[in-house]
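First the structure, in the form of structure tokens, and then the observations on it.
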Amino acid sequence: MTDTTPQKSVLKRVAAVPSLLGGAPQWVKVPLILLVLSFCVYLPFLNILPFAYIRTDLRPNGSDWSTVLFTIALYMIVAVGLNVVIGWAGLLDLGYVGFYAVGAYSIALFGSPASPVTKAIAAQFGLPEGWSMAFAACIPLAICIALIAGVILGAPTLRLRGDYLAIVTMGFGEIIRIVMRNSTWTGGPAGIIAVPEPPAADEDFFNTIDVHRWYWLALAVLVILIWLMRRLEHSRVGRAWLAIREDEDAAAVMGVNAFKYKLWAFAIGASLGAIAGLLFASKQAYVEPNGFQLNLSFLFVAMVVIGGSGNIWGALFGAFLITYLPERFREFESWRPLAFGVALVAIMVLRPQGLFPNRRRARELEDRKHEAEEAAADA
């Protein structure tokens, strides 16, 4: 007998919305995307609206709305990278902050004239005092270092699964922070100052809006990465990741080299995390080990899980919620841990697949639920 209750009917219509939007013609998608991008570009000028109002007097550093937007865009980049690892490849990474720190320290070590590394290179090769690499040159260097770090971590650990992999990656995140704190060539606990930033325009018009350029830079990077990751998701590599996530043993039987593709996921995710760390260090112009605590990794994972693991748009929405809401309601800062914990429990109970899950991922969870119910009935 077919269930035609109003509640079931509403749920079916809501579930059909993503498929309807996904099947929209190109002449509808392109203007809609351009409209959304235009709105995002104009967002820094909308700080007078109620939804964008931020209590700057309650912030420790008095940051403005543009800085909050930059942080949101930065964590969205992190969420896109971690979605590759967790959402697509099905690897629980609890040490993602380590790659975030690698990107931040890469630009600090090679781009700051106050860095012990640049001083040693200048003394070794007879370069002028105060020599350092330009900001643009630090970008590919940071990505390469993060890729190498991802391979080094993944090669011995990706043969593990589930909780064992999570524990190993969590240890990696702490190892990176402790090494940065105890090594003299990273500045130790004091960190490194004078981290380079992108060159600013000299024209008067650009100088008047210079406060917003960090957000626009992060937004441009985010848009490029979303486009690249969407292309990757529908490629042969993306399909291999999905097969591994659903059933690694079955994927191996079908000829998928699980270890190779998991290593690719780890390396690509590491590079995206490093890009976010690079932007963070450049905006802050200073890095120190305490800025990369392990609880930041848990926050990154929560962004992907709450938004919808396996769906880029869900991960972006999760990053927006977790970054924006604490800033919007900073007057309730003392209640933040309680509110965050209640929200996590509520979502895991009522919406375990996330707020905007990937349709394939939602079906996987539904199938597992039916299998568990059938097993319980048979028992």
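A few comments on the model shown:
- Taken over segment 134-165, the criterion of being modelled with pLDDT under 90 and either out of contact with any helix residue (DSSP H, G or I) (no Cβ under 9 Å at 6 or more places or on another chain) or acidic (Asp, Glu) (or both) is satisfied by 162, 163.
- Of all residues in segment 141-162 being surrounded by fewer than 17 Cβ atoms within 10 Å (Cβ to Cβ) and over 21 Å from the mean Cα position of the chain (by Cα), the one that is farthest from residue 89 (Cα to Cα): 156
- Yes/no for residue 322 being within 14 Å of residue 354 (Cβ to Cβ), within 13 Å of the chain's Cα centre (by Cα) and surrounded by fewer than 24 Cβ atoms within 10 Å (Cβ to Cβ): yes
- Beta carbons closer than 9 Å, at least 6 apart along the sequence or on distinct chains, pair a first residue in segment 136-154 that is without any contact (Cβ under 8 Å) to a residue 40 or more places away in the chain with a second that is aromatic (Phe, Trp, Tyr) and assigned to a helix (DSSP H, G or I) for 137/110; 141/110.
- Residue pairs whose Cβ atoms lie under 9 Å apart, separated by 6 or more positions or on different chains, with the first residue in segment 276-290 and touching a residue at least 24 places away in the same chain (Cβ under 8 Å) and the second buried (at least 24 other Cβ atoms within 10 Å of the Cβ) and in a strand (DSSP E or B), are 277/287; 280/287; 281/192; 281/287; 286/192; 287/192; 288/192.
- Number of residues in segment 298-309 that are under 24 Å from residue 178 (Cβ atoms) and crowded, with 24+ Cβ neighbours inside 10 Å: the value is 1.
- Residue within segment 76-83 that is in contact (Cβ under 8 Å) with a residue 24 or more places away in the chain, among the polar types (S, T, N, Q) and in contact with a helix residue (DSSP H, G or I) (Cβ under 9 Å, 6 or more places away or on another chain) present: yes
- Boolean, residue 277 is closer than 23 Å to residue 137 by Cβ and touching a helix residue (DSSP H, G or I) at 6+ places or on another chain (Cβ under 9 Å): yes
- Hey, residue 274 modelled with pLDDT of 95 or more and under 21 Å from residue 74 (Cβ atoms) or not: yes
- Screening residue 132 on (1) surrounded by 18 or more Cβ atoms within 10 Å (Cβ to Cβ); (2) in contact (Cβ under 8 Å) with a residue 60 or more places away in the chain; (3) touching a Leu at 6+ places or on another chain (Cβ under 8 Å) shows it passes everything except condition (3).
- Screening the candidates 231, 236, 245 for the property of being on the phi < 0 side of the Ramachandran plot and either more than 20 Å from the chain's Cα centre (by Cα) or among the acidic types (Asp, Glu) (or both) yields one hit, 236.
- Residues of segment 227-242 classified as of a type outside the set (D, E, K, R), surrounded by fewer than 17 Cβ atoms within 10 Å (Cβ to Cβ) and more than 29 Å from residue 34 (Cβ to Cβ), total: 0
- In the set (1) under 14 Å from residue 89 (Cβ atoms); (2) outside any helix (DSSP H, G or I); (3) not acidic (Asp, Glu), the condition left unmet by residue 251 is number (2).
- In the condition set (1) touching a helix residue (DSSP H, G or I) at 6+ places or on another chain (Cβ under 8 Å); (2) over 25 Å from residue 173 (Cβ atoms); (3) among the charged types (D, E, K, R), residue 283 is compliant with all but (2).
- Checking every residue in segment 288-297 against the condition of being aliphatic (A, V, I, L, M) and surrounded by fewer than 23 Cβ atoms within 10 Å (Cβ to Cβ) gives at least one match.
- Any hit, segment 107-117, residues being of a type in the set (Val, Ile, Thr), under 30 Å from residue 166 (Cα atoms) and part of a helix (DSSP H, G or I): yes
- Test for residue 312: is it touching a Phe, Trp or Tyr at 6+ places or on another chain (Cβ under 9 Å), surrounded by 12 or more Cβ atoms within 10 Å (Cβ to Cβ) and either closer than 30 Å to residue 194 by Cβ or modelled with pLDDT of 85 or more (or both): no
- Scanning segment 244-266 turns up at least one residue that is modelled with pLDDT under 90 and surrounded by 22 or more Cβ atoms within 10 Å (Cβ to Cβ).
The values are calculated or read from the model by the stated rules, or taken from the named source; none is laboratory data. It should be emphasised that the depicted structure is a prediction, and the values quoted were computed from it without experimental measurement. Cβ sites come from the backbone with ideal geometry, for glycine too, and all protein chains shown count toward neighbours.
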